[in-house]
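A short write-up of the structure that comes next.
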Amino acid sequence: MYQTSTYFRSANRANTYLAKEIIEATPQKLLIKVYDFAIANCKRGNMAKTNRALTELINALNFEDEKAKEISTGLMRLYQFCQDEMRKNNTDIVYKILTDLRETWITIFNRQPEK
């Protein structure tokens, strides 16, 4: 019984830390966290969680700004392709696409001046 109680206290502290980290995160850090979640679940072969993360990435796309519309359309097609490939259990290609996109975003964010 003691071990269970200790586990829940530890898990609760971890959840509190994670919630605080997410609330205080910049949009860039949140995007990377979604990629991290998608990549980790892709690696585990968890189609539902990977596709849920991909849906969040799709929902975050900007189709209102004309400058962003073309890029958003391309990313949406790529995310949808990844969702389809996860349904077919082709995790290797999805993992490769997601890790490459994550690295590309990090490169872009590192080029931007801090605000």
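The values are calculated or read from the model by the stated rules, or taken from the named source; none is laboratory data. All figures in this text were calculated on a predicted structure; none of them were measured in a lab. For neighbour counting, all protein chains shown are included, and Cβ atoms are generated from backbone atoms with ideal geometry for every residue, glycine included.
Looking at (1) surrounded by 11 or more Cβ atoms within 10 Å (Cβ to Cβ); (2) part of a helix (DSSP H, G or I); (3) modelled with pLDDT under 95, find the lone condition where R13 falls short.
The single condition R13 does not satisfy is (1).
When you scan the range 93-107, how many residues do you find that are touching a helix residue (DSSP H, G or I) at 6+ places or on another chain (Cβ under 9 Å) and loosely packed, with under 15 Cβ neighbours inside 10 Å?
Of the residues in that region, 3 qualify.
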